[in-house]
Amino acid sequence: MGYRPASWRKSSDATELAALGHDAVKVGRPLDREGGLREFDIMGGRGFISFLAVPRHECVYVCNVTWYG
């Protein structure tokens, strides 16, 4: 199954999420459950990607990118 990020295609972090396939629903926060809106730290903790992994669509939807400055 080839997951592709729906947006922000140039990000290596988003590409890593896409490469996880079905396991993307378990990555990042919250740690206690799968699915829903997830957060994945980027750039060594200087920000995070908010995303939805939707296995039936075979996509990772990047919803927001937050940078700490």
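Rule-based calculations on the coordinates, nothing more; no lab input. Note that this is a predicted model, so its numbers are computed, not measured. Note: ideal-geometry Cβ built from the backbone for every residue, glycine included; neighbour counts use all protein chains shown.
Karplus-based coupling profile of segment 44-58, in residue order and whole Hz: x, x, 8, x, 7, 9, 9, 8, 10, 9, 10, x, 5, 8, 6, with θ = phi - 60° in 6.51 cos²θ - 1.76 cosθ + 1.60 and x standing for Gly or Pro.
The modelled label-to-label distance between Leu20 and Val54, using points 7 Å beyond Cα along the C-beta direction, is 1.8 nm.
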